[in-house]
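Read the structure below first, then the notes.
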Amino acid sequence: MRTARLAALAALLVLPAIASAQSATVAATATVVTPLVVTGTAGLAFGNVFQGVNKSVLFSDATSGRFSITGFGTSQVAMTFTLPTTLASGANTLPIDTYDVRSNGTNVTAGATALTVTSGVPVNANLVTGNLFLFVGGRVVPAVAQAAGAYTANIVLAAAYTGL
Amino acid sequence: MFPAPSTRAAHVLLRLRQIGALLPLVLPAPAFAQAILVAPQSVVMSSRDRTGTVELYNPSSRAAEITIRAVYGHPTTTPDGDLTLAIVEQPDSTEPSAAGFVDAFPRRLVLQPNQRQTVRLLARPPAGLAEGEYWARLVIAARDAEAPAPPTDSTGVTIGLTLEVRTIIAVNYRNGAQRTGVQLGELSASATSDSLVLRAPMQRTGTAAWIGLTSVKLLDASGAVVASQTMQTAVYQSISPRFTFARRGLAPGQYRIAVDMTTDRPDVTQSTLLRAPPQHAETTVTIPSSGG
């Protein structure tokens, strides 16, 4: 509602300027639609780990991965995660064997519900309030002889309205 | 209420300027985030005007590397009735794919924080393309364009996963005049231990995708609406979505479920929205008194 009011206010401010720029009296109507916005808020950071010692980041930890989706209220969105199973540092690799993805309508981890996510397979969510927040935890499994280095990979979230 | 803009070009310019001006107000920039705002959410091109535009905006505080590609896909339903987006990377020749002849310019770019960019779409259909509507999805991917910080400890193991976000929008190309419609099949409803479940088969008619709204109402024996839901619906070929109502608070007895489908979609550009006659269907479902 606040967004709609802001947008309506902005339309009132913008439209007269456009009309005058065309040197004619042109009034126009505009339907302001909330676009679908997918945001990667924070990467999933395990920090420093010890060789041979598994390390987990819970979805509720401060270093968990964070996404948000903003869109048209009450709409349904198909989300597809690409969750890597291997991280790389140059030619060296390191496995990540577990992910824990939770969602919530507000930006808090308390009360977030678990999503059954399979990499590459769409999962649906309703943007009941126009917002959806996603929290991603995981576990890495460094080998005893894991080579030193900075290991990284990409988590991908693709989102699309199912009603278009 | 208001007179329309005098020309189509003026209307397009107006819309782009409106969107561009509104974006910062609609979406406050997060402090550190990777995001891309894409508008509109669907683009319709035609054989008369083989062009389209998409507006991108980077609301984040970091530069974003953007890549754009077209793939074939459309919404469908899983066997359980969940809506999903079916993406087919290499569709066969029987599919009405526009992915092979819709190009985006530019396809790669870097958007600085708070920067906007207009991406132009151009359809170059093959000669002799049969009349009909052809479908594609534009995948707009954004990732952090700034190089990650080097590891501070070269003797240890440091692990971090970065994020990439992709927004997928519909691109439809209409070759010739198109019409659409939808036909509701036989509804089936059942009561489970905690829910009332409806399946509503929908078959598109005409030559183009049906884009509209589905309203489902649950009515008690007196005709009062005890629950309802609406769903933005796109029927490209055929789907059979599932609708679920919680049983909590519902007394045993017979209920009526009414389904209405209309092409009322205020979130879609009205000039490209194909209208069709509304559809209505009903069925009944019983909540047994024994709780089963």
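Laboratory data are not the source of any read-out in this text; all were calculated from the coordinates shown. Computed from a predicted model, the values in this text were never measured in an experiment. Quick reminder, even Gly has a Cβ in these numbers, built from the backbone with ideal geometry, and neighbours come from all protein chains shown.
Inter-label distance, residue A:63 to residue B:228: 5.1 nm, where each label sits 7 Å from its Cα along the C-beta direction. Across segment A:117-128, rounded Karplus estimates of 3J(HN,Hα) from the backbone phi angles (6.51 cos²θ - 1.76 cosθ + 1.60, θ = phi - 60°) give 10, 10, 4, x, 10, x, 10, 9, 8, 9, 8, 4 Hz, Gly and Pro being marked x. The slack in the chain from residue B:67 to residue B:220, taken as 0.36 nm per residue of separation less the alpha-carbon distance, amounts to 49.9 nm. Coupling constants for segment A:62-77 follow from the phi torsions by the Karplus curve (6.51 cos²θ - 1.76 cosθ + 1.60, θ = phi - 60°), and in residue order they are 5, 9, 5, x, 9, 10, 9, 10, 10, x, 5, x, 6, 7, 10, 10 Hz; glycine and proline get x. Remark: the residue B:129-residue B:92 segment gains 11.8 nm on full extension, using 0.36 nm per residue and subtracting the alpha carbon distance. Cβ-to-Cβ counts within 10 Å put B:215, A:64 in ascending order as B:215, A:64, the fewest first.
Calculated FRET efficiency, residue A:82 and residue B:183, Cβ-Cβ r, R0 30 Å, to nearest 0.05? Between residue A:82 and residue B:183 the formula returns 0.25. At full extension, residue B:195 and residue B:82 could sit 39.1 nm farther apart than now, given 0.36 nm per residue minus the alpha carbon distance. How would you classify segment A:37-161 from its alpha-carbon gyration tensor, with a ≥ b ≥ c the square roots of the eigenvalues: rounded for a/c under 1.5, else prolate if a/b is greater than b/c, otherwise oblate? Here segment A:37-161 falls in the prolate category. Between residue B:275 and residue A:91, what's the calculated FRET efficiency when r is the beta-carbon distance and R0 is 56 Å? Round to 0.05. It comes to 0.45.
Taking a point 7 Å from the Cα of residue A:98 along the Cα-to-Cβ direction, the residues of segment A:44-81 with backbone N closer than 18 Å to it are A:44-47, A:49-65.
Remark on residue B:164: its backbone amide H falls under 5 Å from those of A:155, A:156, A:157, a criterion applied only to residues 5 or more positions apart or on other chains, H modelled at 1.01 Å from N.
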